[in-house]
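Student: Just passing along the structure, written as structure tokens.
The values are calculated or read from the model by the stated rules, or taken from the named source; none is laboratory data. It should be emphasised that the depicted structure is a prediction, and the values quoted were computed from it without experimental measurement. Here the Cβ is made from the backbone with ideal geometry for all residues, glycine too, and neighbour counts use every protein chain on show.
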Amino acid sequence: MDTKYWQSEDLKYIWHPCSQMKDYEELPPIVVDHAKGINIYDIDGKCYKDVVSSWWCNLLGHCNSRINNAIKQQLDTLEHVIFANFTHKTAITLCQKLVEVLPKGLCKFNFADNGSASIEMAMKMSFQYHQQTGNTQKKRFMALTDAYHGETIGALSVGACDLYSEIYKPILMDIVRVQGPDCYRCPYCKDRDNCSCECFEKAIETFEQFGEETCAILVEPLLQGSAGMKIYPPLFLKKLRELCDKYNVHLIADEIATGYGRTGKMFAFDHTGVSPDIMCLSKGLTGGYMPMSVCVTTQEIYDAFYADYLTGKAFMHSHTYAGNPLGCSAGIEVLNILKDENIIETARKRAGYFNKIIKEKFLNLKNVGEVRNIGLINAIELVKNKETKEPFNSKLRTGYQIYKKALNRGVLLRPLGDVIYFNPPLIIEEEDMDFVTDVALECTNEVLNS
Ligand SMILES: *Cc1c(COP(=O)(O)O)cnc(C)c1O
């Protein structure tokens, strides 16, 4: 059967995520056969460089032999088991290893099967904590402008990307919105590398007004991914930690995208010297192999639920696939590989080269407003006017045009609006960096000059 057959059968049955299916008339789905490292191969043998880590989850390359073996071994031992009152060595071992690398104080693990579910769990956990510790007035949540925390109703509520949430507003929760940093278009005209987070005064005002009635604030630490890879300084989070302590508001770190070395350290919070009260992990957790997430919290929060059954204080939250052994086996091997193969350190060294060539190639283009980077993540924001930072008319779909051209030439870019970005597996090498940035540059020039 050839490509055309599989494509038409696909369109007969499958409703793809985050897609206008009518776009598929012009750009039908690529039928993938296999993948290795950063390369994805379609059934005709054409190669695509996966520089978006398949939606930011693939950490160590596709079909990593060590992870493959770990899952295969687990598969022949225990595929899944109920996780209430039952446990298994694989989940326990994963927690033992995670505790060693997590920010101080995070030690109690609640498992789920995707990022959004872990966000929901964090919100419910925080709310119930306050209910059970005498602060029944705390019923609201705060989140930053331009936030993204997932697609389920609670997670979508705390998010602020209109593209995903606009139509659902009538059925979403009423969230207290905290003005977050906007470093490229800084209203205080400061520079993110040496500012004092002057913008934080807005957060102070919002806490003064709503802190008492708030359970928790959710943040994507240092990097607001879906907002267009917006990057802000660690100082903002340090200040936020203090403010949260002052108002007894939990700090929930959504490290679903930033965890696992993406920012140059194991977790984005490692740049700050402070710890959140709850941390959500998912994308890198299994190396991008298995759908799994964890919501990790402190002894203090855990203790507020620990009582005789009849007090009704238990956290009655569950997901069928909680603690799935296959996911946990991948999770353990990912941590082993990060350590044995010195992955994060190597990636950090190569990140310097990646950023250098991207700046050399893109910065002088007339429509490149900013090149920003953290770890191996590099984002190129295209604007209509470099001086005023005026964006392109979104109806032109400039980013999408570039995406289509790059696919043709074997690079999977998938921009966020008009922000072209690279978020490759941590194992990417210099040769591939050269190739993917060359292709991105050619495609960008073609689209901008047409
Ligand atoms: C991907 C993502 C989520 C949602 O995770 P899903 O597994 O897609 O539900 C939440 N927050 C952030 C920051 C993410 O990048």
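For (1) over 21 Å from Asn135 (Cα atoms); (2) of a type in the set (Phe, Trp, Tyr); (3) more than 16 Å from the ligand (Cβ to nearest atom), each residue gets a yes or a no:
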site: Leu285; (1), (2), (3): yes, no, no
site: Met292; (1), (2), (3): yes, no, no
site: Val296; (1), (2), (3): yes, no, no
site: Asp303; (1), (2), (3): no, no, yes
site: Tyr306; (1), (2), (3): no, yes, yes
site: Leu310; (1), (2), (3): no, no, yes
site: Ala314; (1), (2), (3): no, no, yes
site: Ser318; (1), (2), (3): yes, no, yes
site: Gly323; (1), (2), (3): yes, no, yes
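Student: Could you list, in sequence order, all residues of segment 419-449 that are without any contact (Cβ under 8 Å) to a residue 60 or more places away in the chain, crowded, with 18+ Cβ neighbours inside 10 Å and of a type outside the set (A, V, I, L, M, F, W, C)?
Tutor: none
Student: Any residue in segment 154-172 that is part of a loop (DSSP other than H, G, I, E, B), closer than 23 Å to Ala268 by Cβ, in contact with a Ser or Thr (Cβ under 8 Å, 6 or more places away or on another chain) and at pLDDT 95 or above?
Tutor: There is at least one residue in segment 154-172 that is part of a loop (DSSP other than H, G, I, E, B), closer than 23 Å to Ala268 by Cβ, in contact with a Ser or Thr (Cβ under 8 Å, 6 or more places away or on another chain) and at pLDDT 95 or above.
Student: Could you list all residues from segment 396-417 that are more than 20 Å from Ala227 (Cβ to Cβ) and surrounded by fewer than 17 Cβ atoms within 10 Å (Cβ to Cβ)?
Tutor: Lys404, Asn408, Arg409, Gly410
Student: Based on this model, can you work out whether Ile171 counts as within 26 Å of Thr286 (Cα to Cα) and either β-branched (Val, Ile, Thr) or surrounded by fewer than 20 Cβ atoms within 10 Å (Cβ to Cβ) (or both)?
Tutor: For Ile171, the condition - within 26 Å of Thr286 (Cα to Cα) and either β-branched (Val, Ile, Thr) or surrounded by fewer than 20 Cβ atoms within 10 Å (Cβ to Cβ) (or both) - is not met.
Student: Which condition breaks for Gly284 when tested against (1) within 28 Å of His250 (Cα to Cα); (2) in a helix (DSSP H, G or I)?
Tutor: Evaluating Gly284 over (1) within 28 Å of His250 (Cα to Cα); (2) in a helix (DSSP H, G or I) leaves (2) as the failure.
Student: May I ask you to list pairs of residues, at least six apart or on different chains, whose Cβ atoms are under 9 Å apart, with the first in segment 34-50 being buried (at least 16 other Cβ atoms within 10 Å of the Cβ) and the second being part of a loop (DSSP other than H, G, I, E, B) and among the polar types (S, T, N, Q)?
Tutor: Short answer, once both residue conditions are applied: Ala35/Asn58; Gly37/Asn64; Ile38/Asn58; Asp50/Asn58.
Student: Just one of the numbered conditions (1) more than 19 Å from Ser293 (Cα to Cα); (2) surrounded by 22 or more Cβ atoms within 10 Å (Cβ to Cβ); (3) more than 16 Å from the ligand (Cβ to nearest atom) is not true of Asp277; which one?
Tutor: All conditions pass for Asp277, except number (1).
Student: If you don't mind, there's one more thing I want to ask. Checking the structure you have, find out if any residue of segment 217-231 is more than 16 Å from the ligand (Cβ to nearest atom), of a type outside the set (S, T, N, Q), in contact with a strand residue (DSSP E or B) (Cβ under 9 Å, 6 or more places away or on another chain) and modelled with pLDDT of 95 or more.
Tutor: no
Student: Still on this structure, please answer the following. For segment 313-370, how many residues meet the condition of being part of a helix (DSSP H, G or I) and surrounded by 15 or more Cβ atoms within 10 Å (Cβ to Cβ)?
Tutor: Counting residues in segment 313-370 that are part of a helix (DSSP H, G or I) and surrounded by 15 or more Cβ atoms within 10 Å (Cβ to Cβ) gives 26.
Student: Could you identify the single residue in Ala91, Ala112 that is buried (at least 21 other Cβ atoms within 10 Å of the Cβ) and either free of Cβ contacts under 8 Å to residues at least 60 places away in the same chain or over 22 Å from the mean Cα position of the chain (by Cα) (or both)?
Tutor: Ala91
Student: Determine whether segment 256-269 contains at least one residue that is among the polar types (S, T, N, Q), part of a strand (DSSP E or B) and within 23 Å of the chain's Cα centre (by Cα).
Tutor: Taking every residue of segment 256-269 in turn, none turns out to be among the polar types (S, T, N, Q), part of a strand (DSSP E or B) and within 23 Å of the chain's Cα centre (by Cα).
Student: Can you say whether Ala70 is surrounded by 12 or more Cβ atoms within 10 Å (Cβ to Cβ), within 24 Å of the chain's Cα centre (by Cα) and at pLDDT 95 or above, as far as the supplied structure shows?
Tutor: When the stated conditions are applied, Ala70 does not pass them.
Student: Which of the residues belonging to segment 110-140 are more than 20 Å from Gly288 (Cβ to Cβ) and of a type in the set (A, V, I, L, M, F, W, C)?
Tutor: Result: Met121, Ala122, Met123, Met125, Phe127.
Student: Just to be sure I understand, how many residues within segment 178-195 are surrounded by fewer than 17 Cβ atoms within 10 Å (Cβ to Cβ) and among the basic types (Lys, Arg)?
Tutor: Summing the residues that are surrounded by fewer than 17 Cβ atoms within 10 Å (Cβ to Cβ) and among the basic types (Lys, Arg) in segment 178-195 gives 2.
Residues are listed down the side, and each one gets a yes or a no for (1) assigned to a loop (DSSP other than H, G, I, E, B); (2) of a type in the set (Val, Ile, Thr); (3) within 16 Å of the ligand (Cβ to nearest atom); (4) more than 27 Å from Phe435 (Cα to Cα):
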site: Lys12; (1), (2), (3), (4): no, no, no, yes
site: His16; (1), (2), (3), (4): yes, no, yes, yes
site: Ser19; (1), (2), (3), (4): yes, no, yes, yes
site: His34; (1), (2), (3), (4): no, no, no, no
site: Tyr41; (1), (2), (3), (4): no, no, no, no
site: Gly45; (1), (2), (3), (4): yes, no, no, no
site: Tyr48; (1), (2), (3), (4): no, no, no, no
site: Ser54; (1), (2), (3), (4): no, no, yes, no
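Student: From the residues in segment 3-22 that are without any contact (Cβ under 8 Å) to a residue 12 or more places away in the chain and charged (D, E, K, R), which one is nearest to Tyr400 (Cα to Cα)?
Tutor: Lys22
Student: Of the residues that sit in segment 193-205 and are in contact with a Pro (Cβ under 9 Å, 6 or more places away or on another chain) and at pLDDT 95 or above, which one is farthest from Lys389 (Cα to Cα)?
Tutor: Phe200
Student: Please go through segment 119-153 and give me each residue that is of a type outside the set (Gly, Ala, Ser), within 13 Å of the ligand (Cβ to nearest atom), outside any loop (DSSP other than H, G, I, E, B) and surrounded by 18 or more Cβ atoms within 10 Å (Cβ to Cβ), ordered by number.
Tutor: Correct list: Ile119, Glu120, Met121, Met123, Leu144.
Student: If you take the residues of segment 101-118 that are assigned to a strand (DSSP E or B) and of a type in the set (A, V, I, L, M), which of them is farthest from the ligand (Cβ to nearest atom)?
Tutor: Leu106
Student: Would you check if there is a residue in segment 247-262 being of a type in the set (A, V, I, L, M, F, W, C), more than 12 Å from the ligand (Cβ to nearest atom) and over 19 Å from Cys107 (Cβ atoms)?
Tutor: The answer is yes, given that some residue of segment 247-262 is of a type in the set (A, V, I, L, M, F, W, C), more than 12 Å from the ligand (Cβ to nearest atom) and over 19 Å from Cys107 (Cβ atoms).
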